[in-house]
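The structure appears below as structure tokens.
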Amino acid sequence: MLSIKHEKLFRDILSSVNTNSDFKMSRNFIQHGSTSICTHSIMVAYQSCKIAEKSGVRISYKELIRGALLHDYFLYDWHDKEHNHRRPHGFFHPLAALANAERDFELTDIEKDIIKKHMFPLTPVPPRYKESWIVCLADKMCSAKETIIR
């Protein structure tokens, strides 16, 4: 459970992202196992907050949450080989997610870095910000759980 302050912030940002974008579309696509991209993104954002709170590191929770919610905002079924998604998804989806997020939101440098580099080390350039490293770790934790425990 998050602190009351961060729980409220989390819910407010989730509501805003859900209302002001195509984020709802991510419910229609599976990410890992039987978990939708929407559910995965919410879990990564929540896990990121838990990691940040437990570590006590000083970060921007607003940017952490927004970046985590949008880290997989690519809005296509990466399992569908018929729709030109033949390139290795793990290497290329951060750029698709970033393009969609930039289309729908004004992003900070931290949010852009989170989205673009969350697949490190598959993406060659490491994250630049503490928030990006936290989301990178939370994404791997959630992805492993979703893949192993269907």
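Could you work out which residue, out of Lys112, Lys54, Lys24, moves most in a Gaussian network model of the chain, that is, has the largest mean-square fluctuation with Cα springs under 10 Å?
Result for the chain, Cα springs under 10 Å: Lys54 fluctuates most.
Using modelled backbone amide H atoms (1.01 Å from N, in-plane), which distant-in-sequence or interchain residues come within less than 5 Å of Gln31's amide H?
Under 5 Å from the amide H of Gln31 lie the amide H atoms of Ser36, Ile37, each far enough along the sequence or on another chain.
Taking the highest mean first, how do the peptides 125-136, 60-71, 1-12 order by number of other beta carbon atoms within 10 angstrom per residue? Spell out each step's value before the answer.
On the way: 125-136: 20.7, 60-71: 25.5, 1-12: 13.2.
So the order, starting with the most tightly packed, is 60-71, 125-136, 1-12.
Any idea what the alpha-carbon Rg over 2.2 N^0.38 Å comes to for segment 1-50?
Rg over 2.2 N^0.38 Å, computed on Cα atoms: 1.19.
Return the calculated 222 nm mean residue ellipticity for the chain, to the nearest 500 deg cm²/dmol, obtained by summing -39500 (n - 2.57) across DSSP H runs with n ≥ 4 and dividing by the residue count.
After summing the helix terms and dividing by residue count, I get -19500 deg cm²/dmol.
Relative contact order (percent) for segment 4-148, with alpha-carbon contacts under 8 angstrom and 6 or more residues of separation?
On the way: 198 pairs, mean separation 37.9, N = 145.
Reported as a whole number, the value is 26 percent.
Tell me, in nm to one decimal, what length is gained between Lys24 and Phe92 on full extension, where the rule is 0.36 nm per residue of separation less the Cα-Cα distance?
Numbers: separation 68, 0.36 × 68 = 24.48 nm, distance 2.17 nm.
Residue separation times 0.36 nm, minus the Cα-Cα distance, leaves 22.3 nm.
For the chain, what value does the Rg/Rh ratio take when both radii are computed over Cα atoms and Rh is the Kirkwood radius, given to two decimals?
Here the Rg-to-Rh quotient is 0.94.
Bear in mind these aren't lab numbers, they're just calculated from the coordinates by the rules spelled out. This is a predicted model, so every value here is computed, not measured. Backbone-built Cβ (ideal geometry, glycine too); neighbour counts: all protein chains shown.
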